[in-house]
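Here is the structure we will look at, set down as structure tokens.
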Amino acid sequence: MIPVRGTFITFEGPDGSGKTTQVRVLAQWLRERGVQPVLLRQPGGTPLGERIRSILLDSRSDLELGPVAPMAELALMFADRAQSIQQVVLPALERGEIVLCDRYTDSSEAYQGAGRSLGSERVLALHQALCGDLQPDLTILLLPDVEQALERARRRNERFRRQHGGKDENRFEVEGDAFFRRVHAAYAAIAAREPQRVVTISGNGSIETIAHSIREIVQARIAAFVPA
Ligand code: TMP
């Protein structure tokens, strides 16, 4: 892997954890301090990735294409990731920029590894093979209570479906509670395994309370970038 100079921050959490809002809030705060972060989401964030996203997240895909095999789902998540590393993340890090990425390999470990029961080992082996083992400098993990997060995610997807003529981003949210309990437990296990990289914010705090905690974490970690 090419040596990198920027800072790579990922946001993780179950559906409805509020991480997308927090990426936006942190990005705005950085811009107000003269730092222009590069924003990215997975799956998505590149033209190829956005195509992959629409296949993987639309609940109609299983009807139109035949049930998507869990291994195919995992492979597509990594195809998306390999593309965005090549096209967006590495160039930005080489320019010395801050990359804020909404989901990364921890999502594959939590959703495909645990949710779909494919196992962590397989996911981590793919990460090594396809992502050059590129690790975030910092991962912010939002872990609200399972029920509340799911309710929020399902409400949001209903809005999305109404606004996009029946197309949805619902394929994962229709999974049962047991799936999301496995996802939640896997995230907690990743955080326990890698305390240097992963900082967990648990519970159901307000947007502003959580944003404040995130700013403190980021300031402590990347003081060189962000003037106080
Ligand atoms: P989001 O953009 O709203 O977070 O939705 C992305 C969905 O895709 C979410 O349900 C989690 C799922 N996902 C995986 O299952 N595996 C992955 O590797 C990634 C990046 C996302």
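The values are calculated or read from the model by the stated rules, or taken from the named source; none is laboratory data. Because the structure is predicted, anything quoted here is derived from the model rather than measured. Please note: Cβ atoms are built from the backbone with ideal geometry, for glycine as well, and neighbour counts cover all protein chains shown. Quick note on the areas: whole protein, heavy atoms, side chains included, nothing else; ligands and nucleic acids left out. Shrake-Rupley method; radii C 1.70, N 1.55, O 1.52, S 1.80 Å.
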Self-check item: Computed helical MRE - 222 nm, the chain, DSSP H runs ≥ 4 contributing -39500 (n - 2.57), nearest 500
Solution: -15000 deg cm²/dmol
Quiz item: Between Thr20 and Ala125, what FRET efficiency follows from the Cβ-Cβ distance if R0 is 25 Å, with the result rounded to 0.05?
Solution: 0.30
Exercise. Could you please put Met71, Met77 in sequence from largest to smallest accessible area, using a 1.4 Å probe?
Key: Met71, Met77
Quiz item: With contacts defined as alpha carbon pairs under 8 Å and 6 or more residues apart, what's the relative contact order of segment 7-221 in percent?
Solution: 32 percent
Quiz item: Working out 0.36 nm times the residue gap between Gln163 and Ser202, then minus their Cα-Cα distance, what length gain in nm do you get to one decimal?
Solution: 10.9 nm
Exercise. Give me the number: length gained by fully extending Leu48 to Ala75, i.e. 0.36 nm times residue separation minus the C-alpha to C-alpha distance, one decimal in nm.
Key: 8.3 nm
Self-check item: Cα radius of gyration and Dmax for the chain (Å)
Solution: 16.9, 53
Quiz item: To the nearest 10 degrees, how steep is helix 70-84 against the longest Cα principal axis of the chain, on a 0 to 90 scale?
Solution: 30 degrees
Quiz item: Helix 120-130 sits at what angle to the longest principal axis of the chain, using alpha carbons and giving 0 to 90 degrees rounded to 10?
Solution: 60 degrees
Quiz item: Going by accessible area, probe 1.4 Å, with all protein chains left in place, what is the ranking of Arg193, Arg103, largest first?
Solution: Arg193, Arg103
Quiz item: Among Pro47, Pro37, Pro67, which one shows the biggest mean-square fluctuation in a GNM of the chain, springs joining Cα atoms closer than 10 Å?
Solution: Pro67
Practice problem: Using a 1.4 angstrom probe, figure out how much accessible area segment 7-221 has per residue, in square angstrom, rounded to the nearest whole. | Solution: 45 Å²
Practice problem: Apply 1/(1 + (r/R0)^6) to the Cβ-Cβ distance of Arg60 and Ala220, taking R0 = 45 Å, and write down the FRET efficiency to the nearest 0.05. | Solution: 0.55
